[in-house]
Amino acid sequence: MGLPVTFDITEGQRHDSQAAKELVCRAGTSCLLADKAYDSGDFRRSLAEQDCMAVIPSNASRAQRIPYDKDLYKARSDIECTFNLLKQARRFATRYEKTLRNYAAVVAIGCALLWLRI
């Protein structure tokens, strides 16, 4: 199961890839599994600078396809299942908390419960 290592809460209209650079740096990972939405030259350069292998399929608009490990990419389903488990908690999914601090606490508790397998 893909367990959360770190998280960041962003505005709803902001794309996740903008915060992903810092998250990858914080997590200190050597491999990143992501979907086509993260396929940008800038993001891939950022990963290369951090010695992190990008397992990202090429976006349809990319002129030259970049190869990726398709077998390793299949493990991305574990990450999607983790998000599904977190979103089963209604308070997490609908963001009832009004303040960022309180919502971050809800997310942290949800992540801790996944690690504890409760």
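Summary of computed values
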{"item": "Answer label for P(r) over Cα pairs in 5 Å bins from 0, in percent (calculated), chosen among [x] 2, 10, 17, 18, 17, 14, 10, 6, 3, 1, 0, 0, 0; [y] 2, 11, 21, 25, 20, 13, 6, 2, 0; [z] 2, 10, 18, 22, 21, 14, 9, 4, 1, 0", "result": "[z]"}
{"item": "Tilt relative to the chain, helix 16-27 - C-alpha long axis, 0 to 90 degrees, to 10", "result": "80"}
{"item": "Between 0 and 90°, nearest 10: helix 76-87 axis offset from the chain longest Cα axis", "result": "20"}
{"item": "Helix-only [θ]222 nm of the chain, DSSP H runs n ≥ 4, -39500 (n - 2.57) each, per residue, nearest 500", "result": "-14500 deg cm²/dmol"}
{"item": "Karplus (6.51, -1.76, 1.60) ³J(HN,Hα), θ = phi - 60°, over the stretch 91-104, in Hz, Gly and Pro reported as x", "result": "4, 6, 5, 9, 6, 5, 5, 7, 9, 4, 4, 5, 5, 4"}
{"item": "By average C-beta atoms within 10 angstrom, highest first, the peptides 82-88, 52-58", "result": "52-58, 82-88"}
{"item": "Protein accessible area in the stretch 11-118, 1.4 Å probe - carbon and sulfur %", "result": "54"}
{"item": "1.4 Å probe accessible area per residue over the chain, in Å²", "result": "69"}
{"item": "Packing rank of 63-72, 99-108, where each peptide gets the mean count of other beta carbons within 10 Å, highest leading", "result": "99-108, 63-72"}
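The values are calculated or read from the model by the stated rules, or taken from the named source; none is laboratory data. Since the model is a prediction, treat every value here as computed from it, not as a measurement. Note that we place each Cβ from the backbone using ideal geometry, even for glycine, and neighbour counts take in every protein chain shown. The protein model used for the area step is the full one, side chains on, heavy atoms only, and it has no ligands, DNA or RNA in it. Shrake-Rupley method; radii C 1.70, N 1.55, O 1.52, S 1.80 Å.
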